[in-house]
Amino acid sequence: MLGTAMLGTFRRARRVRRSGFAWRSSLLPLILLAVPALARDDGQWSSQPPEIRQWFGSVMQPNNRASCCGEADAFDVRLDGEEQNGDIRAIILNGRGIYPDGTLVLVPHTKLQAKYGNPLDKVILFIGAKGEPICLIPKVGT
């Protein structure tokens, strides 16, 4: 009788250890996803004054108050004035080898961010690591 009781205790303890292992091992992919992606920085803004580079880092997303990803994910775009499926059509002017020049990106209106102004004389589109539009910064006066 004592042996059976001990065996049941052992099985329960083993089950707890296994579930603890499964729980920890399932956390690993989440932790890896939470680590920020490496920024793509090919020096495209290095010739800009410090206040411009600081502006890039300060711009926040319009819908969740997170950073627009900083200067490394920013691309010069042209807006053609048309919409497609209710989204703004932005055409990449210089994809810097990451995207082909002339690539069309559909940007939801919720990604339009005019609050921070724009010290540059061009429209800037911040694109995330998976190719999704993060923020669209219009030229001042547009």
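What follows draws every value from the coordinates through simple rules; no lab data is involved. Please read all numbers here as calculations on a predicted model, not as lab measurements.
Some points to look at:
- Available extension along the chain between V140 and T103 is 11.0 nm, counting 0.36 nm per residue and deducting the alpha carbon span.
- Relative intensity, log₁₀ I(q)/I(0), of segment 50-137 from a Debye sum that treats every alpha carbon as a point, q = 0.18, 0.19, 0.21, 0.26 Å⁻¹: -0.73, -0.82, -1.01, -1.51
- Extension gain from S58 to A129, taking 0.36 nm per residue of separation minus the Cα-Cα distance: 23.7 nm
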